[in-house]
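Notes follow the structure.
The values are calculated or read from the model by the stated rules, or taken from the named source; none is laboratory data. This one's a predicted model, so the numbers in the text were calculated from it and none came from an experiment. For neighbour counting, all protein chains shown are included, and Cβ atoms are generated from backbone atoms with ideal geometry for every residue, glycine included.
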Amino acid sequence: MKRTVIYTCLGAGLLVSICFSLALGAMRIPLKEVIDTLSHTLGFTVFGGTHHGINEGVIMMIRLPRTLMGILVGAALGISGAAIQGIFRNPLAEPSLVGISAGASLMAVLIIAFETLLFSSLGQVLGYYLLAFGAFAGAGITAMLVYNLSKVNGQANVSTMLLAGIAINAMAGALTGLVTYLADEQKLRSITFWMMGSLGGATWQNVSCLFPFVIIPVIGLPFLSRGLNLFAIGESQVELIGLNPKRIKILVVVLATMAVGASVAVSGIIGFIGLLIPHLTRLMGGVDHRFVLPVSALMGALVLTLADMVSRLVVQPIELPIGVVTALMGTPIFLYILIKDKKKLVN
Amino acid sequence: MLRVESISYKLNNRPLLKDISFSIRPGEMVALLGSNGAGKSTLMRLLSGELKPDTGRIMLYGEDLAAYNRKILASKRAYLQQQNPISMAFTVKEVVMMGRYGFKSLSSAKNDQTALLETMELCGLTDLADRSMLSLSGGELQRVHLARVLAQLWDNKDAVLLLDEPTNNMDLQFQHQTLAIATAMAKKGYMIIVVLHEVNLAAQYASRIIILKDGRKWWDGTPVQVLTPQHMYTAFGIHALAYTDQSSLKTVIVPKEIKLDAAKFNSNLQISHQPVYKLKPTETDELINLQSVKI
């Protein structure tokens, strides 16, 4: 009952914020025209259905792909944050904190650099997929590395996990910086893009490439919820209760890093969403992953759409990197969890 | 029927269990006793499948444990570990329900609900049902996990329940309640193996006692046969008296007090018959200052 209300509210909130995200920006478009254009594209008419020329172009070519990318990236980061925290058995395990995002971005930067160096160009679409798969591999390798480094007696040790994250972040950040400076290629854009994240590069092409990488984990991960719940009472209990811990672990890591990797490949590292969203979700409706996973996806989509709006609006006409906005929202939560759980986390 | 056939287990070339054999029939409640490091927990971990024996095998209803299908085994064996750390704020009800995750599709929602309510009632958790696990005391946590393993086996009496020191952290009432639950489960036909430290609890509730020492099985029999002053001394190194309680005809062990001469240990402390209170110089100064102020 309570959970139905949460689903409905988040769904409605997401629809409203999509409309505002399409309407607001450097060029303001009336909401009526936004709804008109959307309904026209979907094949029906609401307000008489007149064409609005340039406004329709702005919506369809620039704002809609960007908004869709925000939704996909937000859902990806929210759900994979929740899943990775379940596997690590710790609410602080967040893709950008423990170095998973950094691993993905390093891979992506390397691929772009080598692509231009070796093949001159792989063709747009193939290039995007290569990038997404590469970032996925980078994320997967770092996730496994951090997990195995931080495991003490079959349990993830928090301090080792965070320290491993710092080391990997620093290393991947330095290498990413090095490659972006050495490879003088427009595609690499700036180091800010990779370290702070931006949805500015959204096109229909990379949104459609991102889509399968996000939708598969968003549908697949909730099927592993019960297994993730069992991980909370210990990896050995999973087996005793009759589920396969190895299979669950591998599937969760593959699906979660798939979503994180592809998101990083198109939008750089957007930090703290994976920490903030699952935490808020647990506060609202408890820690059962059957609830946390789908709601984290929904709320991640909503919050990232809002964060993107903020990043576009506060210092018009310039854009703030979206990572700045999410970090400003996320760090207080991170500190709050640290202070609240100080005693527990030490043990 | 559970049959342990001469199992041995080594860790880093140090033998922890040597050639242990026994078998348990449905309806038996077996207490496993022994001093620290005797191999009780190792034996439980072997029975739970967490460790694999180096030699020998463990047969459950005529089939090797290692050959079982994971889901079927989960309906025939549950294991309450000594340590059950939890890091997320699951509620008591959610954790008890986790015991039934393995056969979600096989059992009906009604059976799940019955198991949940009945096990929580037995373990005194009904009032705590919606509390977060992170807010419970050690004894309460232990009861939640007990309810969880009970819920796991609630539909199937052809099963073995392994309890490794289930009474840890529990108050006196729930120590007895826990063993009473185990005994009642045995009456229904379950096989129970419980590791205990308190010999009198074993004497009162177990139908059979196995004592381990240095990784070997030393005695195996009824409480009356096994719990004798000589055995207590060999197994635990304590002098004890053994009585038979006239009303229940059960053995009662009364360990003799161990006395230590305080003068013979802790050479860091000086021996003196008068207590000496030494104050640090600064404190003495302060004391003098205070007194002078008073005057």
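Some values worked out for this structure:
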{"item": "Test result for residue A:225, among the polar types (S, T, N, Q) and free of Cβ contacts under 8 Å to residues at least 40 places away in the same chain", "result": "no"}
{"item": "Residue check, residue A:303 within 14 Å of chain B (Cβ to nearest Cβ), part of a helix (DSSP H, G or I) and either under 13 Å from residue A:92 (Cα atoms) or under 16 Å from the mean Cα position of the chain (by Cα) (or both)", "result": "no"}
{"item": "Residue check for residue B:23: more than 17 Å from residue B:156 (Cβ to Cβ) and without any contact (Cβ under 8 Å) to a residue 24 or more places away in the chain", "result": "yes"}
{"item": "Hits in segment A:310-330 - residues which are assigned to a helix (DSSP H, G or I) and either loosely packed, with under 13 Cβ neighbours inside 10 Å or at pLDDT 85 or above (or both)", "result": "A:310, A:311, A:312, A:313, A:322, A:323, A:324, A:325, A:326, A:327, A:328"}
{"item": "Matching entry among B:184, B:147, B:203 (being surrounded by fewer than 21 Cβ atoms within 10 Å (Cβ to Cβ) and among the aliphatic types (A, V, I, L, M))", "result": "B:184"}
{"item": "Of all residues making up segment B:23-51, the number that are away from every other protein chain (no Cβ under 14 Å) and in contact with an Asp or Glu (Cβ under 6 Å, 6 or more places away or on another chain)", "result": "0"}
{"item": "Filter result (crowded, with 24+ Cβ neighbours inside 10 Å, touching a Phe, Trp or Tyr at 6+ places or on another chain (Cβ under 8 Å) and assigned to a helix (DSSP H, G or I)) within segment A:277-300", "result": "A:281, A:295, A:298"}
{"item": "Which listed residue is among the hydroxyl-bearing types (Ser, Thr, Tyr) and under 22 Å from residue A:143 (Cβ atoms), from A:225, A:198", "result": "A:225"}
{"item": "Unmet criterion (only one of (1) within 14 Å of another protein chain (Cβ to nearest Cβ); (2) touching an Asp or Glu at 6+ places or on another chain (Cβ under 8 Å)) for residue A:274", "result": "(1)"}
{"item": "Meets criteria (more than 8 Å from every other protein chain (Cβ to nearest Cβ) and buried (at least 16 other Cβ atoms within 10 Å of the Cβ)) for residue B:76", "result": "yes"}
{"item": "Strands (runs of 3 or more DSSP E) wholly inside segment B:28-117 that include at least 2 residues being over 16 Å from the mean Cα position of the chain (by Cα)", "result": "B:55-60"}
{"item": "Residue pairs meeting the criteria (Cβ under 6 Å; at least 6 apart or on separate chains; first surrounded by fewer than 24 Cβ atoms within 10 Å (Cβ to Cβ) and at pLDDT 90 or above, in segment A:253-271; second of a type in the set (A, V, I, L, M, F, W, C) and part of a helix (DSSP H, G or I))", "result": "A:255/A:221"}
{"item": "Of all residues making up segment B:98-152, the number that are under 17 Å from residue B:179 (Cβ atoms) and either within 10 Å of chain A (Cβ to nearest Cβ) or aliphatic (A, V, I, L, M) (or both)", "result": "6"}
{"item": "Residue in segment B:239-255 that is away from chain A (no Cβ under 14 Å) and within 30 Å of residue B:14 (Cα to Cα) present", "result": "yes"}
{"item": "Segment B:227-269: number of residues that are touching a residue at least 60 places away in the same chain (Cβ under 8 Å) and within 23 Å of residue B:24 (Cβ to Cβ)", "result": "1"}
{"item": "Strands (runs of 3 or more DSSP E) contained entirely in segment B:149-214, each with at least 2 residues that are of a type outside the set (S, T, N, Q) and over 27 Å from residue B:110 (Cα atoms)", "result": "B:191-195, B:208-213"}
{"item": "Per-region count, segment B:171-205, residues among the small types (Gly, Ala, Ser) and within 22 Å of residue B:139 (Cα to Cα)", "result": "4"}
{"item": "Residue satisfying all of: in segment A:219-240; over 20 Å from residue B:89 (Cα atoms) and hydrophobic (A, V, I, L, M, F, W, C); surrounded by the most Cβ atoms within 10 Å (Cβ to Cβ) among these", "result": "A:240"}
